[in-house]
Amino acid sequence: MKRTLYFVAALLLASSSALFAAQSGAFIKPETAAKTIAALREKFPAQSERITLGVNQAARVWTKDDGSAAEFADFCSANFLTGAALDTLFDKIEEQFEYIDGHFTALYAQTHRAMDVNTGPLHPADRIFASYSPAAHLQEDMFATKLAFSVLLNFPVKTLKQCSEEGPSWSRRQWAQARLTKLFAYRVPAELEQELAKSLAAAEEYIGSYNIYMDHVAGADGKPAFGPGLMLQSHWGLRDELKGLYSSPAANLDRQKLIQTMMTRIISQEIPAQVVNSSQTLWNPVDNTADGAQAAREPDTRYKIWLHNFKTYQLEAPYYPNYPTRRDRTFNLEKEIPEAQAQALFEQLLDVGAAGKVGALIKKRLGRDLLPFDIWYDGFKARSEVPQEKLDALCRKKYPTMQAFQDGLPAILEKLGFEGDKADFIASKIEVQDCRGSGHAQQADMRGEKAHLCVRFGRDGLDYHGFNTAMHELGHTVEQTFSLYEMDHHFLRGVPNSAFSEGFAFMFQDRDLSVLGMDNPGGKTAALKTLDNFWAAREIAGVALADMQAWRWLDAHPNATPQQLKEAVASAAKDVWNKYYAPVFGVKDSPLLAIYSHLLNYPLYVPNYPLGHIIAYQLEDYLKPRALPAEMERMCKIGGIIPQEWMKQAVGTGISARPLVSDALGAADGI
Ligand SMILES: [Zn+2]
């Protein structure tokens, strides 16, 4: 896991100059913009193009509260810069923003510290501080001070298309400027942001309290099929229970089938309303009765909530002239991978040939034909050949305290191949903390601050599981250190998104045993890991495709009813199923991919998961046969440019699912 703190909730990229032309609905009228442009052109005849672009960029987001039309013209006249003054403006902004971002991140880490770090029992005040978001108003403040307008007036906003096509020939400084203008290119009114937050919070609440009392779920014999006290949240809890049942697949098959039936009842909303979050009645999912009788179903609430999110996102459209739909915005502005490219990557990953081989292997291992819920097959987990107790004892002896692990960092880095000085330098920029959760890494945003490596230390020190997690988080923090301390521009710090950081984290995690002085398991263990990774990536890629298809349908049917949306989602899930899963599973028309809760509370976030699998694996695959330290340092210096260009500079080709697919094919052969 990796945490990234963005100083503006949505970092948004902008559109081409034509679309930035002052609009008739905007506060600054086209006549005002034209007059301002003419006056500036007289003063700077050689800067005609920059003036038109800059004035229009600023005019589009200037509101009544920012000042009158005359004040706008005066602002432009006084703040349009050229030559050395323009260069200095950018240098000053970068210098100040390193300070601003760096301190906001440090402030965030400090106010959340008690929640994250094991500081003893939580006090009510800890929760209050943890709800504080120090940088929440920064964008607003930057418009209020007019710094944002100065940026838009002087530097060009770049679209994803421009970044892709022209980016390869840009200087580092031009990339950094493109990242700066992205911060202010769009200005959504705060009331609207709140409206959206409210809609998402309602979805979160619905999902958060969607529990099923499993001891009130009846099996074929009419008696409760699960143990007393078991309450599961949909869909994670249900899915994880189903996964756990693979420990004895034959004995647990009926219960797995029962969970699958429950899921389909939730998707179709045939589930009796009274069994959701309630232990008052005994639900029989197969004949769908409550206490033996027919009962009123859930009234399509699931799709009402989805629709409400869609309609709230529609309200933002006027503020994104080039990106009218939520799909446009999430792919082009947030993920920075065009929807069509993401679609093609997922289809590559869903390759039926490789899946057929892996599916046949699962079938053999289970001793039965595949069923739809086997998308969650959990039997590829590799077990270490060294007994767990031996590993635990070794780790505890080496790292009996948090300080011992902190002091041990340079030696671990040297084992990974980093030279002494470099290892000492990196270790000096990482602070180890005792975690409340299982582990995470928190980057720093200014030089002088340290990245935080948070991992759980038991009373006897770090056990093997903790050490394995610590290695993963170390991968994140080493990336964070290089991409901050060795970066040429503040606005290019970091990596394009968390998937890139995960690639490094997995590399470190994979080398945990060799760091402990043991041989890393090769052969079968590595093959099992690849198969597990492939099967999980493939499962979530299907959900992503169904999610995208459902949103495309919504864009074409904005006045849909919840019931119509329900049918469209089921048919999207079945379409994807029939194309990519039915040939492998031998079962048609399963709607199971639509059970994901993220579809409601994280609209269009699901595609990030398969993208993450693909990117992280491609990076691992490239690094595996190479010397990690030098390659990693080189890659981390590329910084926060767009994902496709980063990958090209890092490994020589764009993002591709091929390494994972072909390794899975090879692994299936070798098992
Ligand atoms: Zn991670």
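The values are calculated or read from the model by the stated rules, or taken from the named source; none is laboratory data. Source: prediction; values computed, not measured. FYI the Cβ positions are ideal-geometry reconstructions off the backbone, even for glycines, and counts take in every protein chain you see. Quick note on the areas: whole protein, heavy atoms, side chains included, nothing else; ligands and nucleic acids left out. Shrake-Rupley method; radii C 1.70, N 1.55, O 1.52, S 1.80 Å.
Some points to look at:
- Flag if Asp254 is surrounded by fewer than 17 Cβ atoms within 10 Å (Cβ to Cβ) and outside the structural domain of Val606 (by TED's automatic domain parsing): yes
- Take the conditions (1) within 16 Å of the ligand (Cβ to nearest atom); (2) modelled with pLDDT of 95 or more; Ser438 misses just one of them, which is (2).
- Only one of the numbered conditions (1) surrounded by fewer than 20 Cβ atoms within 10 Å (Cβ to Cβ); (2) not in a loop (DSSP other than H, G, I, E, B) is violated by Glu270, and that is (2).
- Criterion violated by Ser77 - all others in (1) in contact (Cβ under 8 Å) with a residue 24 or more places away in the chain; (2) closer than 19 Å to Arg187 by Cβ satisfied: (2)
- When the test is whether a residue is within 16 Å of the ligand (Cβ to nearest atom), not in a helix (DSSP H, G or I) and not acidic (Asp, Glu), His472 does not pass it.
- Boolean, Glu486 is under 30 Å from Phe155 (Cα atoms), open to solvent by 10 Å² or more (accessible area, probe 1.4 Å) and not assigned by TED's automatic domain parsing to the domain that holds Phe184: yes
- Asp445 meets the conditions (1) among the charged types (D, E, K, R); (2) open to solvent by 30 Å² or more (accessible area, probe 1.4 Å); (3) more than 16 Å from the ligand (Cβ to nearest atom) in every case but one. The failed one is (2).
- Given (1) free of Cβ contacts under 8 Å to residues at least 12 places away in the same chain; (2) closer than 30 Å to Leu371 by Cβ, index of the condition Leu593 fails: (1)
- Every listed requirement among (1) touching a Lys or Arg at 6+ places or on another chain (Cβ under 6 Å); (2) under 30 Å from Gln256 (Cβ atoms) is met by Tyr377 save one, (1).
- Asn601 passes every criterion in (1) closer than 26 Å to Leu370 by Cα; (2) touching a Leu at 6+ places or on another chain (Cβ under 9 Å) apart from (1).
- Neighbours by Cβ (under 7 Å, 6+ apart or cross-chain): first from the stretch 341-354, within 20 Å of Thr330 (Cβ to Cβ); second in a helix (DSSP H, G or I) and of a type in the set (Val, Ile, Thr): Leu345/Ile614; Leu349/Ile614; Leu349/Val661
- Of all the residues in the stretch 448-464, those that are in contact (Cβ under 8 Å) with a residue 60 or more places away in the chain and within 16 Å of the ligand (Cβ to nearest atom) number 3.
- Among residues that are open to solvent by less than 40 Å² (accessible area, probe 1.4 Å) and either aliphatic (A, V, I, L, M) or touching a residue at least 40 places away in the same chain (Cβ under 8 Å) (or both), Gly367 is not included.
- Only helices (runs of 4 or more DSSP H) whose full extent lies in the stretch 149-215 are considered here, and the ones with at least 3 residues that are open to solvent by less than 40 Å² (accessible area, probe 1.4 Å) and of a type outside the set (Gly, Ala, Ser) are 172-182, 190-208.
- If you go through the stretch 322-350 and keep only what is outside any helix (DSSP H, G or I) and under 18 Å from Met548 (Cα atoms), you end up with Tyr323, Pro324, Thr325, Glu336, Ile337, Pro338, Leu350.
- Meets criteria (within 16 Å of the ligand (Cβ to nearest atom), open to solvent by less than 10 Å² (accessible area, probe 1.4 Å) and touching a Cys at 6+ places or on another chain (Cβ under 9 Å)) for Val478: yes
- Applying the criterion of being closer than 13 Å to Leu619 by Cβ and not in a helix (DSSP H, G or I) to the residues of the stretch 495-519, the residue that is farthest from the ligand (Cβ to nearest atom) is Pro496.
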